[in-house]
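A quick write-up on the structure given underneath.
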Amino acid sequence: LEVVEATPGSLADRLEVSRWRIDLPGAPLDAVRAAVEAFLAAASVSVERMTKKGLRTFDSRAAVLALEASTYDERSSLLVVLRHTEPAVRPDDVLSGLARVGGLDTPGPPLVTRLEQGPYDAASGTIGDPLTA
């Protein structure tokens with residue numbers, strides 16, 4: 001347990017990006033890699049999602065700072081860094097974009113885990129601790 005003194009400003013303002021792991025049970029790693037390549041090669045990837053304001057179409061690609069296919073616990077998985085935008089691009093929006101431009105089919109339900117979130121250092125590609133910012 002660690003205690004830190006609150007700094008001026010809103011904690012929410014220091015949460016600029018989030019790193020996620022998305023496990024894809026049953027999805028072949030080669031297919032996941034191909035979908036990632038297609039997604040990253042696209043200038044924009046429009047997806048639709050129902051929001052409080054109704055059905056919205058937005059660019060899921062613009063919020064993705066990093067995306068890679070890997071394996072975790074003997075399953076195909078994705079590691080993704082998302083910039084917090086308005087409207088928020090969520091991991092399921094990235095999956096929708098991967099299906100749209102890369103034809104990714106996820107036979108089993110994905111397991112989404114947020115690994116970290118905080119301020120983003122673009123020079124190093126790292127996520128800082130929002131409590132020490």
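The values are calculated or read from the model by the stated rules, or taken from the named source; none is laboratory data. Since this is a predicted model, take the numbers as computed values, not measurements. A quick note on method: Cβ atoms are made from the backbone with ideal geometry, for glycine too, and the neighbour counts reach across all protein chains shown. Please note that ligands, DNA and RNA were not included when accessible areas were found on the heavy atoms of the full protein model with its side chains. Shrake-Rupley method; radii C 1.70, N 1.55, O 1.52, S 1.80 Å.
The table for this structure:
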| read-out | value |
| --- | --- |
| Residue list for segment 28-49, restricted to those being free of Cβ contacts under 8 Å to residues at least 40 places away in the same chain, of a type outside the set (Gly, Ala, Ser) and either in contact with an Asp or Glu (Cβ under 7 Å, 6 or more places away or on another chain) or open to solvent by less than 80 Å² (accessible area, probe 1.4 Å) (or both) | 40 |
| Test: residue in segment 2-15 that is touching a Pro at 6+ places or on another chain (Cβ under 6 Å) and β-branched (Val, Ile, Thr) | no |
| Residue pairs meeting the criteria (Cβ under 9 Å; at least 6 apart or on separate chains; first closer than 18 Å to residue 21 by Cα, in segment 116-133; second among the basic types (Lys, Arg) and in a strand (DSSP E or B)) | 116/19; 117/19; 120/83; 127/19 |
| Test result for residue 80, buried (at least 17 other Cβ atoms within 10 Å of the Cβ) and in a strand (DSSP E or B) | yes |
| Hits in segment 21-44 - residues which are assigned to a loop (DSSP other than H, G, I, E, B) and farther than 18 Å from residue 66 by Cβ | 25, 26, 27, 28 |
| Where residue 4 falls short, out of the listed (1) farther than 22 Å from residue 125 by Cβ; (2) part of a loop (DSSP other than H, G, I, E, B); (3) of a type outside the set (S, T, N, Q); (4) open to solvent by less than 30 Å² (accessible area, probe 1.4 Å) | (4) |
| Count - residues of segment 17-27 that are open to solvent by less than 40 Å² (accessible area, probe 1.4 Å) and within 13 Å of the chain's Cα centre (by Cα) | 5 |
| Matching residues in segment 91-106 - criterion: being surrounded by fewer than 17 Cβ atoms within 10 Å (Cβ to Cβ) and not small (Gly, Ala, Ser) | 92, 105 |
| In segment 53-66, the residues that are part of a strand (DSSP E or B) and either within 10 Å of residue 21 (Cα to Cα) or among the charged types (D, E, K, R) (or both) | 56, 59 |
